[in-house]
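Below: the structure, in structure tokens.
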Amino acid sequence: MEQQSFFDSRAASTPLASRLRPRTLEEFVGQKQLLGEGKVLRQLIDQDLVPSMIFWGPPGVGKTTLARIIAGKTKSNFIDFSAVTSGIKEIKEVMRQAEQNRLMGERTILFVDEIHRFNKAQQDAFLPFVEKGSIILIGATTENPSFEINSALLSRCKVFVLQALSPQELEQLLHHALTDPRGFGSQQVEMPEGMLAMIASAANGDARSALNTLEMVVLNGDLREGRTVITKETVEQCVSKKSLLYDKNGEEHYNLISALHKSMRNSDVDASVYWLARMLEAGEDPLYIARRMVRFASEDVGMADSRALEITVAAYQACHFIGMPECSVHLTHAAVYLALAPKSNALEVAYNTAQKDALERLAEPVPLVIRNAPTRLMKELHYGEGYQYAHDTADKLTNMQCMPDSLKGRRYYHPTDQGSEAKVRQRMAQIDAWKKAHPPQ
């Protein structure tokens with residue numbers, strides 16, 4: 001927990017994003033879907049009926065700011081709590097303080113930043129106090145609450161999804177920073193038209209990132225007769241590397257690999273290359289992407305083009321040999337090949353169907369005819385009796401039953417007419433016809 005003193009004189013060194021933190025809902029930018037007139041969260045705040053809730057959204061969209069505004073508007077005691085630096089001991093101390101406040105008729109809003117970082121025991125520590133009403137819990141997380149928040153705690157909280165700010169909203173915020181006395185309103189800042197839009201675009205919906213970049217731009221501006229002059233070159237240098245919204249352990253990681261997989265499945269070459277580039281430029285492990293492509297080769301292409309498996313395994317080996325950035329072209333090779341390849345999920349369907357039978361019929365005996373008989377006892381029990389060696393036949397086929405009796409005639413693999421699988425389909429039809437013409441004696 002951070003306590004601020006009224007005598008703190010460090011305002012001059014406070015980051016721009018902190019100086020410009022909105023104090024009212026009217027100053028708050030974005031989240032119109034929640035805070036617009038008549039919207040659910042706005043009504044709860046206006047009617048002072050705020051429940052315990054979770055704010056879920058990407059960084060820099062105002063989760064902490066909104067919690068502070070709610071506390072001020074509802075006249076509640078506000079406690080800022082960090083899941084990164086606090087443990088069970090700190091939780092119990094805060095709960096004791098909140099319970100005392102409740103007995104004195106004062107409500108407490110406990111804001112927990114990065115609540116997903118708390119383990120189960122820490123999250124459970126909040127439960128009795130949330131149920132009793134000692135606290136109104138507002139948790140903030142960049143991760144999907146369904147995966148990261150205990151179900152018992154989540155069921156007692158309303159989840160509100162905060163969205164990344166649009167470039168237009170960020171540009172509005174940046175313009176305000178140049179005119180507000182808390183920002184650069186006391187300075188005469190001049191910059192070419194379109195530069196605020198460039199900064200807004202580079203921020204990926206993150207207000208903090210946009211304001212930090214603007215602050216860097218102004219600090220690097222040229223001082224000319226009381227004016228701060230910003231050049232296009234200065235802005236370009238400060239936004240030369242866009243901050244990519246990506247966490248290799250978070251939900252966005254799975255969103256992007258899903259986007260790549262589904263683009264390849266949809267035979268969209270350009271989208272496949274784009275999502276591949278998004279992942280690689282954000283620092284994803286190329287071997288992870290290569291492994292997913294190997295899976296895709298059999299799951300979504302399969303027998304329609306068996307070379308897809310060879311290509312993807314080769315791409316994995318290439319990534320292993322030379323690494324990034326050189327292996328990006330090998331992954332592009334594989335992604336384009338997979339996107340253009342004929343598609344069949346027949347192998348995936350075949351296994352899933354067989355898996356269901358296998359799990360439901362775990363005790364089905366192996367037919368005697370295809371059992372090994374390495375011992376005399378096994379031979380006396382008719383193991384392997386009547387076995388037919390296909391290589392000894394003219395057609396390399398036999399009419400021997402290999403399925404358990406209860407599954408006789410069951411078919412799992414249904415080849416499509418896509419690519420090479422059309423030939424597989426034809427071959428299977430030939431085998432079926434031969435077996436019909438040569439029934440068991």
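The values are calculated or read from the model by the stated rules, or taken from the named source; none is laboratory data. Everything quoted here is computed from the prediction, not taken from an experiment. Glycine also receives a Cβ, built like all others from the backbone with ideal geometry; neighbour counts cover every protein chain displayed. Just so you know, the surface numbers come from the protein's heavy atoms only, side chains and all, with ligands and any DNA or RNA stripped out. Shrake-Rupley method; radii C 1.70, N 1.55, O 1.52, S 1.80 Å.
Once the range 317-330 is narrowed to residues that are assigned to a helix (DSSP H, G or I) and hydrophobic (A, V, I, L, M, F, W, C), the residue that is surrounded by the most Cβ atoms within 10 Å (Cβ to Cβ) is Cys319. Can you spot a residue in the range 44-56 that is among the aromatic types (Phe, Trp, Tyr), at pLDDT 85 or above and open to solvent by 30 Å² or more (accessible area, probe 1.4 Å)? Yes, the range 44-56 has at least one match.
Counting the residues of the range 383-439 that are aromatic (Phe, Trp, Tyr) and either without any contact (Cβ under 8 Å) to a residue 24 or more places away in the chain or surrounded by fewer than 12 Cβ atoms within 10 Å (Cβ to Cβ) (or both) gives 3.
The criterion of being over 44 Å from the mean Cα position of the chain (by Cα), among the hydroxyl-bearing types (Ser, Thr, Tyr), modelled with pLDDT of 90 or more and open to solvent by 70 Å² or more (accessible area, probe 1.4 Å) does not hold for Tyr351. Summed over the range 369-382, residues that are within 30 Å of Ala433 (Cβ to Cβ) and either touching a residue at least 24 places away in the same chain (Cβ under 8 Å) or among the β-branched types (Val, Ile, Thr) (or both) total 2.
Could you identify the single residue in Asn249, Asn220 that is surrounded by 13 or more Cβ atoms within 10 Å (Cβ to Cβ), at pLDDT below 85 and more than 23 Å from Gly30 (Cβ to Cβ)? Residue meeting the stated conditions: Asn220. In the set (1) under 30 Å from Glu348 (Cβ atoms); (2) at pLDDT below 90; (3) out of contact with any helix residue (DSSP H, G or I) (no Cβ under 7 Å at 6 or more places or on another chain), the condition left unmet by Tyr274 is number (2). Helices (runs of 4 or more DSSP H) fully within the range 335-441 that include at least 1 residues being closer than 30 Å to Asp305 by Cα: 346-360, 421-437.
Helices (runs of 4 or more DSSP H) fully within the range 132-225 that include at least 1 residues being under 30 Å from Asn101 (Cβ atoms) and of a type in the set (Gly, Ala, Ser): 151-154. Residues of the range 115-132 that are among the hydrophobic types (A, V, I, L, M, F, W, C) and either more than 20 Å from the chain's Cα centre (by Cα) or open to solvent by 50 Å² or more (accessible area, probe 1.4 Å) (or both): Ala121, Ala125, Phe126, Leu127, Phe129, Val130. Among the residues making up the range 133-184, those that are among the hydroxyl-bearing types (Ser, Thr, Tyr) and either open to solvent by 70 Å² or more (accessible area, probe 1.4 Å) or under 30 Å from Ser201 (Cβ atoms) (or both) are Thr141, Thr142, Ser146, Ser151, Ser155, Ser166, Thr179. If you go through the range 123-181 and keep only what is acidic (Asp, Glu) and touching a His at 6+ places or on another chain (Cβ under 9 Å), you end up with Glu143, Glu148. Screening the range 76-109 for residues that are within 29 Å of Leu170 (Cα to Cα) and outside any strand (DSSP E or B) and picking the one that is least open to solvent (accessible area, probe 1.4 Å) gives Ala83. Quick check on the range 331-338. Is at least one of its residues aliphatic (A, V, I, L, M) and surrounded by fewer than 11 Cβ atoms within 10 Å (Cβ to Cβ)? Scanning the range 331-338, I find no residue that is aliphatic (A, V, I, L, M) and surrounded by fewer than 11 Cβ atoms within 10 Å (Cβ to Cβ), so the answer is no.
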